[in-house]
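Written out below as structure tokens is the structure these notes cover.
The values are calculated or read from the model by the stated rules, or taken from the named source; none is laboratory data. Remember, it's a predicted structure, so these values are computed and weren't measured experimentally. With ideal geometry, Cβ positions are generated from the backbone for all residues, glycine too; neighbour counts draw on all protein chains shown.
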Amino acid sequence: MAFDIVAYKTTAAPVRIDDLDIDSAFIDRPLSADALRCLRYMSDIESHTICYLRDLLVTPSHADPQVTTFLTMWALEEFWHGEALAKVLAVHGVPTEDEHIRQVRLRLGWRDRMAPIEQALLANIVGEAYIAVHMSWGAINEWSTHVAYSRLAELEQHPVLTELLERIMRQESRHAAFYASQARDRLEASKRARRLTRFALRLFWAPVGTGLMPKEDTAFITRHLLGGEVGARLIDQLDQKIARLPGMAGMSLVSRATAKYLRAARPALAAA
Ligand SMILES: [Fe+2]
Ligand SMILES: [Fe+2]
């Protein structure tokens, strides 16, 4: 079914949190240190969305009005996800606010400053087919994010956290629906787009937050949320979803990209 962009643009909104008693709910029952580390990671990524958008607007994606309408609303919703998670972190005394976000951006250094130039050159050489890569990438990241929030809620079993994450997940589902419907159409229509997307995903895709967050944090969140038998099943489900995109069968993308973090976890677990 085609994505209804008109319905989306008229209903996109900050995730509602004013009716959640965040202040006292987490004072009465604080989250675990592991959950807070995951939320720190998630909040930092959500708050970085405007920077990802900077790099995307220098590509051919900027010429498609449906894509830019979506990206406008997407950036707004992701911004508020970051703010909502930061509020939970703040109740636990974890630093948030502008100074923290500034530091996350500054630590990226010169690579971050070069990113829009690199992206503009590469993407504009590729042309229209680049949009299929962007849309497929977006779908995979939104699916992964949804799985991560869902698993965190399940592990933590905190009613207010679960409610907040479910609200965020409903918005992530709409993001995923847009990206996936665009990706399917564009991949179906072009052999070049299928080839290029497969090539780019294989070569460059990594778990959400890679490059922005320190490696040890990506390793931690991968093990915490995607470790064990439950994690293996979730990774498999993600890979099956990706395989249903035209031309993307049999890549085991998530399984390959998470293997190094999950492999590294085994000796530590065995020794514990
Ligand atoms: Fe989000
Ligand atoms: Fe999202």
Criterion first (at pLDDT below 95, surrounded by fewer than 20 Cβ atoms within 10 Å (Cβ to Cβ), in a helix (DSSP H, G or I) and away from ligand 1 (no atom under 16 Å from the Cβ)) does E216 satisfy it? yes
Could you grab me the full set of residues in the range 106-125 that are over 20 Å from R198 (Cα atoms) and buried (at least 18 other Cβ atoms within 10 Å of the Cβ)? none
Per the filter on the range 185-219, residues more than 20 Å from the chain's Cα centre (by Cα) and not hydrophobic (A, V, I, L, M, F, W, C) are D185, R186, E188, S190, K191, R192, R194, R195
Just one of the numbered conditions (1) closer than 24 Å to S47 by Cβ; (2) surrounded by fewer than 17 Cβ atoms within 10 Å (Cβ to Cβ) is not true of E128; which one? (1)
Please go through (1) away from ligand 1 (no atom under 16 Å from the Cβ); (2) at pLDDT below 95 for I50 and return the number of the only condition it doesn't satisfy. (1)
Filter result (of a type outside the set (G, A, S) and part of a loop (DSSP other than H, G, I, E, B)) within the range 1-28: M1, F3, D4, P14, V15, R16, I17, D18, D19, L20, D21
From the residues in the range 140-174 that are polar (S, T, N, Q) and within 15 Å of L85 (Cα to Cα), which one is farthest from ligand 1 (Cβ to nearest atom)? T162
With respect to T72, determine if the residue is within 16 Å of ligand 1 (Cβ to nearest atom), under 21 Å from F3 (Cβ atoms) and touching an Asp or Glu at 6+ places or on another chain (Cβ under 6 Å). no
Unmet requirement for T197, which otherwise passes all of (1) within 16 Å of ligand 1 (Cβ to nearest atom); (2) under 23 Å from F3 (Cβ atoms); (3) assigned to a helix (DSSP H, G or I): (1)
When the range 118-156 is checked residue by residue, the ones that are among the small types (G, A, S) and within 12 Å of ligand 2 (Cβ to nearest atom) are G138, A139, S144, A148
Before we move on, is L155 crowded, with 23+ Cβ neighbours inside 10 Å and either at pLDDT below 95 or assigned to a helix (DSSP H, G or I) (or both)? no
Evaluation of V88 against (1) within 22 Å of K9 (Cα to Cα); (2) in contact (Cβ under 8 Å) with a residue 24 or more places away in the chain (one fails), failing number: (1)
So M169, is it within 13 Å of the chain's Cα centre (by Cα), outside any loop (DSSP other than H, G, I, E, B) and of a type in the set (A, V, I, L, M): yes
Selection count, the range 158-167, where residues are touching a residue at least 60 places away in the same chain (Cβ under 8 Å) and surrounded by 23 or more Cβ atoms within 10 Å (Cβ to Cβ): 2
